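**Student:** Can you read through this structure? Questions will come right after.
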There are 2 protein chains.
Amino acid sequence: MRTVYHKQIAELTAQLGEMCGMAGAAMKRATQALLEADIAAAEQVIRDHEQIVAMRAQVEKEAFALLALQQPVAGELRTIFSATPIIADVERMGALAVHIAKIAAREHPKQVLPAEVRGCFADMARVAITLGDNAKQVLMSRDLQQAARLHEQDDAMDDLYRNLFSVLIDQEWKHGISVAVETALLGRFYERFADHAVEIGRRVIFMGGGALPAEDVNH
Amino acid sequence: MRTVYHKQIAELTAQLGEMCGMAGAAMKRATQALLEADIAAAEQVIRDHEQIVAMRAQVEKEAFALLALQQPVAGELRTIFSATPIIADVERMGALAVHIAKIAAREHPKQVLPAEVRGCFADMARVAITLGDNAKQVLMSRDLQQAARLHEQDDAMDDLYRNLFSVLIDQEWKHGISVAVETALLGRFYERFADHAVEIGRRVIFMGGGALPAEDVNH
């Protein structure tokens, strides 16, 4: 009985990691769709999101069943207690990738982003995808120091996001209102993706026995 | 012992409702700050958010302690299991109100919004605040039918949000890029506030014994 239980806990952790990996892959593809006007990539992100949604429902159900049937304690209780908010974060990361893919698909074959912000977006995407990868890693490794570092890694995103707005607002923008608004929202989707990865880091610290570090209220 | 336990569960529910009420009050004040260029209201929203953040940490701790010490079952287990994601939603609602307040404060004494979108924002605010109030009510009442209706009430927000973008993009906009970008982001903050209220409705349905209804992936 206990062996089955420990297998289930390990499986829950593996599923959280897998979902996080799926969200990261979605963001990678959405960026490909956005920067290369790649319609196939965009359509795949939109299609694949159903898997994340289905997995969310499944894993939440399993976490609740573990809690109800096994009366876990200590570290295992912390893991199960944290699963639901982590799943919500991961699902949101996937949804943000879908938003990006949908804009790329809607504008196809046109390039959504003007040349002068494309580099900034490539950088934001790199930071977002790295943060997603690192969130997945710390979910699996429970390395608390690495989990705490996610917060610092997000500083790069904040700089890039601010920089994007200075291009949009302060410099001479020649691409009209519609493109400016779309560019701003796209930037926000990358920035929020990174925030959710940081939030997963916070939850992993709690899983490992730490207090929940305060969330940064500036996002 | 069990009496203390039931009192704690009731208190947890009351605290969730109270936090939701605080987020709703913050949104009301942030809207006052935005639409009336009311700097005192903006500053109060920013200042008061610390209370929501502190309460989040406190209530999460209490929920975990209840789970660890009381081994709750059935409806009480569902309540405690749902508390953490609900708290995350409520905290986010408060943070979105802070975003709005900060923009109002930064631009003060200037009006942020041009006259032709102010009516739309008043409507979005009304829908958002109503959804927040209803989320609080269903948290307290556990009225599952009312909880399910939150999703339909959000349709009005989606229409307003689309309408805002049609004003920004399709019509003759004379207020420049910077105001357009700010207006779009402000619109998104209201729309996301409403989404989190809907998400609380989903969680209440789960608390009451229902399955978690699928989240709308379009947000």
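**Student:** Restrict the check to segment B:72-89 and report whether at least one residue is not in a helix (DSSP H, G or I) and not small (G, A, S).
**Tutor:** Of the residues in segment B:72-89, the ones not in a helix (DSSP H, G or I) are B:72-73.
Pick out the ones that are also not small (G, A, S) and you get B:72-73.
So far as segment B:72-89 goes, yes, one or more of its residues are not in a helix (DSSP H, G or I) and not small (G, A, S).
**Student:** Please go through segment B:168-200 and pick out each residue that is of a type in the set (G, A, S) and either surrounded by fewer than 24 Cβ atoms within 10 Å (Cβ to Cβ) or facing chain A (nearest Cβ under 8 Å) (or both). Lay out the reasoning, then the answer.
**Tutor:** Quick first cut of segment B:168-200, residues of a type in the set (G, A, S) only: B:176, B:178, B:180, B:184, B:187, B:194, B:197.
Scanning segment B:168-200 gives B:G176, B:S178, B:A180, B:A184.
**Student:** Could you tell me whether B:D48 is acidic (D, E) and free of Cβ contacts under 8 Å to residues at least 40 places away in the same chain?
**Tutor:** Working: acidic (D, E): yes; free of Cβ contacts under 8 Å to residues at least 40 places away in the same chain: yes.
Answer is yes for this residue.
**Student:** Quick check: anything in segment B:100-110 within 12 Å of chain A (Cβ to nearest Cβ), in contact (Cβ under 8 Å) with a residue 12 or more places away in the chain and within 25 Å of B:Q8 (Cβ to Cβ)?
**Tutor:** No, the conditions are met nowhere in segment B:100-110.
**Student:** Can you find, within segment A:95-112, the residue that is nearest to A:A42 (Cα to Cα) among those that are buried (at least 23 other Cβ atoms within 10 Å of the Cβ) and in contact with a Lys or Arg (Cβ under 9 Å, 6 or more places away or on another chain)?
**Tutor:** A:A101
**Student:** While we're here: Of the conditions (1) over 19 Å from the mean Cα position of the chain (by Cα); (2) modelled with pLDDT under 95, A:A57 clears all except one; give me its number.
**Tutor:** A:A57 satisfies all of (1) over 19 Å from the mean Cα position of the chain (by Cα); (2) modelled with pLDDT under 95 except (1).
**Student:** Right, B:E50: surrounded by fewer than 18 Cβ atoms within 10 Å (Cβ to Cβ), in a helix (DSSP H, G or I) and either of a type in the set (S, T, N, Q) or more than 14 Å from chain A (Cβ to nearest Cβ) (or both) or not? Give the derivation first.
**Tutor:** On the way: surrounded by fewer than 18 Cβ atoms within 10 Å (Cβ to Cβ): yes; in a helix (DSSP H, G or I): yes; either of a type in the set (S, T, N, Q) or more than 14 Å from chain A (Cβ to nearest Cβ) (or both): no.
In short, no.
**Student:** Whether any residue in segment A:167-185 is closer than 22 Å to A:C20 by Cβ and part of a helix (DSSP H, G or I) is what I want to check. Please lay out each step first, then the result.
**Tutor:** From segment A:167-185, those closer than 22 Å to A:C20 by Cβ are none; that's our starting set.
The answer is no; no qualifying residue exists.
**Student:** Shifting gears a bit: I need the full set of residues from segment B:71-94 which are at the interface with chain A (Cβ under 9 Å from one of its Cβ atoms), closer than 24 Å to B:Q44 by Cα, among the hydrophobic types (A, V, I, L, M, F, W, C) and surrounded by 23 or more Cβ atoms within 10 Å (Cβ to Cβ), in order please.
**Tutor:** Within segment B:71-94, just B:I87 meets the criteria.
**Student:** Looking at this structure, is B:G24 small (G, A, S) and in contact with a Gly (Cβ under 6 Å, 6 or more places away or on another chain)? Break it down stepwise before answering.
**Tutor:** Values: small (G, A, S): yes; in contact with a Gly (Cβ under 6 Å, 6 or more places away or on another chain): yes.
Here the answer is yes, as B:G24 does meet what is asked.
**Student:** Which one is modelled with the highest pLDDT among residues in segment A:201-219 that are at the interface with chain B (Cβ under 9 Å from one of its Cβ atoms) and assigned to a loop (DSSP other than H, G, I, E, B)?
**Tutor:** Checking each candidate, the answer is A:A211.
Conditions tested, residue by residue: (1) closer than 26 Å to A:S82 by Cβ; (2) charged (D, E, K, R).
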site: B:E11; (1), (2): yes, yes
site: B:A14; (1), (2): yes, no
site: B:E18; (1), (2): yes, yes
site: B:M27; (1), (2): no, no
site: B:A42; (1), (2): no, no
site: B:G75; (1), (2): yes, no
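**Student:** Pick from B:A63, B:A68: which is crowded, with 19+ Cβ neighbours inside 10 Å and more than 17 Å from the chain's Cα centre (by Cα)? Don't jump to the end; show me each part of the working.
**Tutor:** On the way: B:A68 fails: crowded, with 19+ Cβ neighbours inside 10 Å.
Exactly one residue qualifies, and that residue is B:A63.
**Student:** Please verify whether B:A42 is surrounded by fewer than 20 Cβ atoms within 10 Å (Cβ to Cβ) and of a type outside the set (V, I, T), treating the condition exactly as stated. Even if it seems obvious, please write down each step before you answer.
**Tutor:** Values: surrounded by fewer than 20 Cβ atoms within 10 Å (Cβ to Cβ): no; of a type outside the set (V, I, T): yes.
Against the criterion (surrounded by fewer than 20 Cβ atoms within 10 Å (Cβ to Cβ) and of a type outside the set (V, I, T)), B:A42 does not qualify.
**Student:** Here is a follow-up. Being touching a Leu at 6+ places or on another chain (Cβ under 7 Å) and under 24 Å from B:D38 (Cβ atoms) narrows it down to one residue among B:V179, B:V112, B:V98; which is it? Walk me through how you get there before you give the answer.
**Tutor:** On the way: B:V179 fails: touching a Leu at 6+ places or on another chain (Cβ under 7 Å); B:V98 fails: touching a Leu at 6+ places or on another chain (Cβ under 7 Å).
None of the other options fit; the residue is B:V112.
**Student:** Taking B:Q32, is it free of Cβ contacts under 8 Å to residues at least 40 places away in the same chain, more than 14 Å from chain A (Cβ to nearest Cβ) and among the polar types (S, T, N, Q)? Before the answer, list the steps.
**Tutor:** Values: free of Cβ contacts under 8 Å to residues at least 40 places away in the same chain: yes; more than 14 Å from chain A (Cβ to nearest Cβ): yes; among the polar types (S, T, N, Q): yes.
So B:Q32 fits the description; yes.
**Student:** Next up: If you check A:R118 against the conditions, is it in contact (Cβ under 8 Å) with a residue 12 or more places away in the chain, over 20 Å from B:R78 (Cα atoms) and surrounded by fewer than 16 Cβ atoms within 10 Å (Cβ to Cβ)? Working first, answer last.
**Tutor:** On the way: in contact (Cβ under 8 Å) with a residue 12 or more places away in the chain: yes; over 20 Å from B:R78 (Cα atoms): yes; surrounded by fewer than 16 Cβ atoms within 10 Å (Cβ to Cβ): yes.
So A:R118 fits the description; yes.
The values are calculated or read from the model by the stated rules, or taken from the named source; none is laboratory data. Just so it is clear, the structure is predicted and the values come from calculations on it, not from any experiment. FYI the Cβ positions are ideal-geometry reconstructions off the backbone, even for glycines, and counts take in every protein chain you see.
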